[in-house]
Amino acid sequence: MPDLKLLDAEPTEAEREAIDAVVGAEPAGSDRVVRSRPRRHLLLPALRAAQRRVGWVTAGALGYASRRLEIPPADAYGVATFYALISLEERPAEVLHVCTDLSCALKGAVVPEGAVPSPCLGLCELAPASLRTIAGERPREIQIPEERLPVHGDKLLRRIATGEPYGELRALARARELGPEAVIAAVKASPLLGRGGAAFPTGLKWEAVARQPVKPHFLVCNADESEPGTFKDRVIMEQDPFALVEAMAIAMFATGCEKGYVYIRAEYPLAQRRVQDAIDAVGIDVELRIGAGAYVCGEETALFQSIEGHRGEPRNKPPFPVEAGLFGKPTVVNNVETLVNIPHILLGEDGRDTRLFCVSGDVARPGLYELELGTPLSQLLDTAGAEPAKAVLLGGAAGSFLRPDQLDLELSFEAARAAGVTLGSGVVIVFGEDADLVSAVLRIAAFFREESCGQCVPCRVGTVRQEEALHRLASGAANGDERAVLADLTQVMRDASICGLGQTAANAVASAIENLGVLA
Amino acid sequence: MRITIDGVTTEVDGGTILDAARQMGIDTPTLCYGDTLTPVNACRVCVVELEGARTLVPACSRRVEDGMVVHTDSERVRTSRRMVLELLGSSVDLSTAPDALAYVDRYGAEPARLGTPPAPAPRIDNDLYVRDYSKCILCYKCVEACGVDHQNTFAIAVAGRGFDARISTELDVALPDSACVYCGNCVAVCPTGALMGKTEFDLREAGNWREEEQAQVDTVCPYCGVGCTLTLHVQDDAIVKVTSPDDHDVTRGNLCIKGRFGYRYAQNR
Ligand SMILES: Cc1cc2nc3c(=O)[nH]c(=O)nc-3n(C[C@H](O)[C@H](O)[C@H](O)COP(=O)(O)O)c2cc1C
Ligand code: SF4
Ligand code: SF4
Ligand code: FES
Ligand code: FES
C-alpha cells in the first residue's frame, strides 16, 4: 500500500517559507515543539500564505501547517475545505473570479472559460466586477474594475466626498479627556444602532463589555461585508481608513479592550492595505485578519470561530459575545459603519443620524449615498437616477423585494419594521423593466445554499430543498406541492436554524412570491 | 429556579430545558445530543417554544433561567420538529436509525415529499467497522467521541460546507492511513448506523441480524487491569457486538480496540 499518511507529504521549500513567515521558523533539531500557547488561530493565515505562494493548498502544505501548529490533519482539512477561496485542488497561479451575483447579473456578467463564478464581490456599484488572484513570490489580488466612483454624503462621507485629508485624531483626544465612562454615556445617549444588520444599540453593547470583570476584553471590527449588494464598508476602509482606526482606538479605550481585530473579507485587497497602513500610522494594537470566502463568517460568532482557526460555524447564543466572545472573552463586535459614527458622537458637531445606502442595479448613478434616517426611498431612487423599477430589493439577499407602489417607504428602522421589511446592510438594488426577477430569486436561493455552513439541519437541507422547489416552479415541472413545501421550509428555517443565515434564507424568496407574485 | 413547562411549574437547580423536561417526564426527541458528549445543538429536533424568544430554542443546550415559560408541544414546535425529520429523511437513509424512524412516525413526517435519500454507499476499508455516510445525519457525535470528549485521537472531522459537509479523515484518506486507532467509540455513539461494526454489517447484509433475539450479557474485559465493563450482544451463541454502558463510571460507554473488537478469540474454540 502506498504511504498516504498526510504528515509524510513534504512541503516544498517555497511552501515552507510562506508558512514559516506566518507561524515562525521551525526550531532546529526537533519536530516536536513544546508549545507555550495554543497557536491554532494561525491556521487560516498559514493556509492563505501557502496558497498565495503556489496557487493552492497542497497535501504537503496542509500537513506542514498542521504539524507546526499542532492541529490534527483531519481537523485542519475540515477547516481548509470550509472556505470557498481555499483550493485543495491544483489550479493555475492566476485565477479570475467573476461575480455572477444580483447586481452584476443585471449588468450582463459572463464567466469566461477558465474563470470561476463568485458570489457578490462588494463592487456592485461598478458592476460587472471580478477579482484576479495571482500567486507567486509577489502574490497579489486585483479588483476589477480598479476605478472608484464619487460618493454622496456630507457627514460620514464628507471627507471622502471633499477629498479632505484626515487631520489630527481629535475625537480620540476628546475620548481621553472624557474618560471611558463618559464616552460610553455619550454613545448610549446617541441614537446609534448597529449597522451590521441586527440594529442593536451600540452604547448598551459597550457598557455590557466594559462592566465584565473577566479580562482581557477584545474588540472585533466586522468588515466581512458579504451581503450581496453591500459595499459601504469597503468604500470607508479604502477611502477613509483613519476614521475607522480612530473609532477602534476609542472603542478599545472605552470598553477596556487589550487588543483589537479587524476581519476584512479576502475580496477587499485595497481596503486591507489601507487599513493596515492606518493601524501602523496610529500605532494601536489591532490585528488585521483576512477571510477566505465565507458569507457566514460575517455572523459574529462564526467570525470568532474563524479568527480562532476553526470552521466558520456560528455558535449557539446565549452566551452572547459581550460575555463570552473571541477566545471565550468579553468582546465588543461592531460593524465598520457603526464604528465610524463614534468620532462624530464625541465631537458633537453634527447631530444628524445618517445611514449609508448601497445603490446598484438599473440606476444612472449607482454608488454610496448617505441619508438622514427617515428619507423616503423614492427620493433616494430619484437622486440616483433609477429607471422605472419593476422591483427594488431592500436589505440584501436577507432582505425583501418591494413593489413599485411601495417605494415611498421611509428609510428608518421604525418605518421598515412597521412595513415588515428590513434595511439590513443598506442594500438598494433596482430591477428595471427588463430585469429577470425569476433569475434573481433563483440566484438568491442558490446563494444561501452555497453559503450555509451546514451545521444545522433546517438550513443545511432546507436551503437545498427551497432552491429545488423554486427550480421546479420556474421550469414548469411543478408537482403542485411547492407552495406548501416552501411555506413549511420558511417556517422551519426561521424558527429552528441556529443563526441569522438560515433564519433569513427564505425572506427575499418569500417576499418575491408573496409581494411581487414572482413564481406564484 | 422555577420553570414552567407545558403549564406545569417546577423547581430545578440549573441544567438545561431538556433536563427539566425529563425530570417532569416529558419525552423530548433528541438526535445530536448525547449524555456523555458536549452538546453541539445541530440537529434541531429538540426545539421548544420559549416565551419571549424570537425563535424556537434547542432544549438540549439552552440553560434554564428562573421564570422561563416553555411549550414543548405547540403547533410551532410540532411543525419544526416534523420539518427537521422530513429534511433528514429526504436526504439521509434512516433505515438503521431507530430513534429517528420513531420520531418520523410520532410527528407524522413525510420525507418523500421533499426528496429521496441516496443509495447505500458502504466504505469497507478495514476489518473492524464500516462507514456508510449515506446514513449520516451529521450529528457530530463521532467527531466529539474521537476528539476532546473521549478519545483525543482526532482522526475524523467535519469537512466541506453546507449540503456538502461530511465526516472525513484528512484528504479523505482510508482509515488505515489515518490516525484512527479503532477504539470504535465513534461506532458506539453513532445514532444512525452510519458507523457499524463489521460483524453487524455482514449479518445485516446476509439478512441475518436479529436484534430482538439477541441477549445482552455484562462481563469484565479480560485484557488489561482497568476492568472495563463489557456488554456482550449475543446472537446464535456468538458475540455479534460489544458495547459498554454509558453510565459506567470508568468507561462512560467507551472502550479500546481490544475490548470493542477483540472478541473473536472467544468464538475460536
Ligand atoms: C449570516 C450573517 C452575516 C453577517 N454579515 C455581517 C457583515 O458582513 N458585517 C457586519 O458588520 N455584520 C454582519 N452580520 C451581523 C453580525 O452578526 C453582528 O450583528 C454585527 O457585526 C454587530 O455589529 P453592529 O452592532 O455594529 O451592527 C451578519 C449576520 C449574519 C447572521
Ligand atoms: S443557520 Fe445555516 S449558516 Fe447558520 S448555523 Fe445553521 S447551517 Fe450554519
Ligand atoms: S457518522 Fe454517525 S455519529 Fe458521525 S456524524 Fe454521522 S450520524 Fe453522527
Ligand atoms: S459585486 Fe457583483 S453583485 Fe456585488
Ligand atoms: S438534540 Fe438538541 S439540537 Fe440536536
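Of everything in the stretch A:115-128 that is under 15 Å from residue A:227 (Cβ atoms) and part of a loop (DSSP other than H, G, I, E, B), the residue that is farthest from ligand 4 (Cβ to nearest atom) is A:119.
Condition check ((1) within 14 Å of chain A (Cβ to nearest Cβ); (2) more than 16 Å from ligand 2 (Cβ to nearest atom); (3) touching a Phe, Trp or Tyr at 6+ places or on another chain (Cβ under 6 Å); (4) assigned to a loop (DSSP other than H, G, I, E, B)) across all residues:
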{"position": "B:163", "(1), (2), (3), (4)": "yes, no, no, no"}
{"position": "B:188", "(1), (2), (3), (4)": "no, yes, no, no"}
{"position": "B:202", "(1), (2), (3), (4)": "no, yes, no, no"}
{"position": "B:219", "(1), (2), (3), (4)": "no, yes, no, no"}
{"position": "B:234", "(1), (2), (3), (4)": "no, yes, no, no"}
{"position": "B:250", "(1), (2), (3), (4)": "no, yes, no, yes"}
{"position": "B:258", "(1), (2), (3), (4)": "no, yes, yes, no"}
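Considering every residue within the stretch B:184-202, establish whether at least one is farther than 20 Å from residue B:150 by Cβ, at pLDDT 95 or above and open to solvent by 40 Å² or more (accessible area, probe 1.4 Å). Within the stretch B:184-202, one or more residues are farther than 20 Å from residue B:150 by Cβ, at pLDDT 95 or above and open to solvent by 40 Å² or more (accessible area, probe 1.4 Å).
Counting just the residues of the stretch B:98-114 that are within 19 Å of the chain's Cα centre (by Cα) and among the acidic types (Asp, Glu), which one comes out nearest to residue B:191 (Cα to Cα)? Walk me through it before giving the result.
Going through the stretch B:98-114, the residues within 19 Å of the chain's Cα centre (by Cα) turn out to be B:98-106.
Retained after the next criterion (residues that are among the acidic types (Asp, Glu)): B:99, B:105.
Working: B:99: 8, B:105: 17 Å.
Selected residue: B:99.
Only one of A:374, A:385, A:395 is under 30 Å from residue A:159 (Cα atoms), among the small types (Gly, Ala, Ser), within 16 Å of ligand 1 (Cβ to nearest atom) and outside the structural domain of residue A:510 (by TED's automatic domain parsing); which? Before the answer, list the steps.
Details: A:374 fails: within 16 Å of ligand 1 (Cβ to nearest atom); A:385 fails: within 16 Å of ligand 1 (Cβ to nearest atom).
Within the list A:374, A:385, A:395, the selection yields A:395.
Report yes if residue B:79 is assigned to a helix (DSSP H, G or I), surrounded by fewer than 24 Cβ atoms within 10 Å (Cβ to Cβ) and among the β-branched types (Val, Ile, Thr), otherwise no. If you could, list the steps in order and put the result at the bottom.
On the way: assigned to a helix (DSSP H, G or I): yes; surrounded by fewer than 24 Cβ atoms within 10 Å (Cβ to Cβ): yes; among the β-branched types (Val, Ile, Thr): yes.
For residue B:79, the condition - assigned to a helix (DSSP H, G or I), surrounded by fewer than 24 Cβ atoms within 10 Å (Cβ to Cβ) and among the β-branched types (Val, Ile, Thr) - is met.
Residue by residue, here is whether (1) touching a Gly at 6+ places or on another chain (Cβ under 7 Å); (2) away from every other protein chain (no Cβ under 14 Å) holds:
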| position | (1), (2) |
| --- | --- |
| B:83 | no, no |
| B:98 | no, yes |
| B:111 | yes, no |
| B:137 | no, no |
| B:142 | no, no |
| B:146 | no, no |
| B:158 | yes, no |
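Is it the case, given these coordinates, that residue B:56 is open to solvent by less than 70 Å² (accessible area, probe 1.4 Å), at the interface with another protein chain (Cβ under 10 Å from one of its Cβ atoms) and away from ligand 3 (no atom under 16 Å from the Cβ)? It would help to see each step written out before you state the result.
Working: open to solvent by less than 70 Å² (accessible area, probe 1.4 Å): yes; at the interface with another protein chain (Cβ under 10 Å from one of its Cβ atoms): yes; away from ligand 3 (no atom under 16 Å from the Cβ): yes.
The answer is yes for residue B:56.
Check the stretch A:267-274 and report whether any residue there is among the charged types (D, E, K, R), more than 15 Å from ligand 1 (Cβ to nearest atom), under 18 Å from the mean Cα position of the chain (by Cα) and within 26 Å of residue A:152 (Cβ to Cβ). Yes, because at least one residue in the stretch A:267-274 is among the charged types (D, E, K, R), more than 15 Å from ligand 1 (Cβ to nearest atom), under 18 Å from the mean Cα position of the chain (by Cα) and within 26 Å of residue A:152 (Cβ to Cβ).
Looking only at the stretch A:470-502, how many residues end up being farther than 16 Å from residue B:163 by Cα and free of Cβ contacts under 8 Å to residues at least 40 places away in the same chain? The qualifying residues number 21. The single condition among (1) more than 16 Å from ligand 4 (Cβ to nearest atom); (2) more than 16 Å from residue A:340 (Cβ to Cβ); (3) not in a helix (DSSP H, G or I) that residue A:148 does not meet is (1).
Residues that are surrounded by fewer than 24 Cβ atoms within 10 Å (Cβ to Cβ) and more than 7 Å from chain A (Cβ to nearest Cβ) were ranked within the stretch B:165-179; the one that is farthest from ligand 3 (Cβ to nearest atom) is B:176.
Sort out which residues of the stretch A:52-70 are open to solvent by less than 10 Å² (accessible area, probe 1.4 Å) and in a loop (DSSP other than H, G, I, E, B), and write them in order of number. Once the filter is applied, which keeps residues that are open to solvent by less than 10 Å² (accessible area, probe 1.4 Å) and in a loop (DSSP other than H, G, I, E, B), the stretch A:52-70 yields A:55, A:57.
Number of residues in the stretch B:59-76 that are open to solvent by 30 Å² or more (accessible area, probe 1.4 Å) and either farther than 22 Å from residue A:490 by Cβ or within 16 Å of ligand 4 (Cβ to nearest atom) (or both): the value is 6. All of (1) assigned to a loop (DSSP other than H, G, I, E, B); (2) more than 14 Å from every other protein chain (Cβ to nearest Cβ); (3) buried (at least 24 other Cβ atoms within 10 Å of the Cβ) hold for residue A:421 with one exception: (3).
Can you confirm whether residue A:185 is in a loop (DSSP other than H, G, I, E, B) and open to solvent by 10 Å² or more (accessible area, probe 1.4 Å)? Give the steps one after another, and end with the answer.
Numbers: in a loop (DSSP other than H, G, I, E, B): no; open to solvent by 10 Å² or more (accessible area, probe 1.4 Å): yes.
So residue A:185 does not fit the description; no.
Taken as a whole, the condition of being touching a helix residue (DSSP H, G or I) at 6+ places or on another chain (Cβ under 9 Å) and either open to solvent by less than 10 Å² (accessible area, probe 1.4 Å) or in the same structural domain as residue A:193 (by TED's automatic domain parsing) (or both) applies to residue A:427. In summary, helices (runs of 4 or more DSSP H) completely within the stretch A:229-332 and bearing 3 or more residues that are away from chain B (no Cβ under 14 Å), out of contact with any strand residue (DSSP E or B) (no Cβ under 7 Å at 6 or more places or on another chain) and open to solvent by 10 Å² or more (accessible area, probe 1.4 Å) occur at A:241-255, A:269-282. Taken together, the residues in the stretch A:470-520 that are within 17 Å of residue B:84 (Cα to Cα), within 28 Å of the chain's Cα centre (by Cα) and away from ligand 2 (no atom under 16 Å from the Cβ) amount to 1. Evaluating residue B:42 against the criteria (1) part of a helix (DSSP H, G or I); (2) touching a residue at least 60 places away in the same chain (Cβ under 8 Å); (3) within 8 Å of chain A (Cβ to nearest Cβ) leaves one unmet condition, (1). Exactly one residue out of B:134, B:168 is under 20 Å from residue A:450 (Cα atoms) and away from ligand 2 (no atom under 16 Å from the Cβ): that is B:168. Taking the stretch A:61-96 as the range and being touching a residue at least 40 places away in the same chain (Cβ under 8 Å) and away from chain B (no Cβ under 14 Å) as the test, the residues that pass are A:68, A:93, A:94, A:95.
The residue list A:472, A:494 contains one member that is within 14 Å of chain B (Cβ to nearest Cβ) and under 30 Å from residue A:353 (Cβ atoms), which is A:494.
Restricting the first member to the stretch A:341-356 and to residues that are assigned to a loop (DSSP other than H, G, I, E, B), and the second to residues that are open to solvent by 60 Å² or more (accessible area, probe 1.4 Å), the beta-carbon pairs closer than 7 Å and six or more apart or on different chains are A:352/A:372; A:353/A:191; A:353/A:372. Within the stretch A:399-418, which residues are open to solvent by less than 20 Å² (accessible area, probe 1.4 Å) and hydrophobic (A, V, I, L, M, F, W, C)? A:401, A:402, A:411, A:416 - these are the residues of the stretch A:399-418 that are open to solvent by less than 20 Å² (accessible area, probe 1.4 Å) and hydrophobic (A, V, I, L, M, F, W, C).
The values are calculated or read from the model by the stated rules, or taken from the named source; none is laboratory data. Every value quoted in this text rests on a predicted model; they were computed, and no experiment measured them. Cβ: placed from backbone, ideal geometry, glycine included. Neighbour counts: every protein chain shown. Heads up: the accessible areas ignore ligands, DNA and RNA and are worked out on the full protein's heavy atoms, side chains in. Shrake-Rupley method; radii C 1.70, N 1.55, O 1.52, S 1.80 Å.
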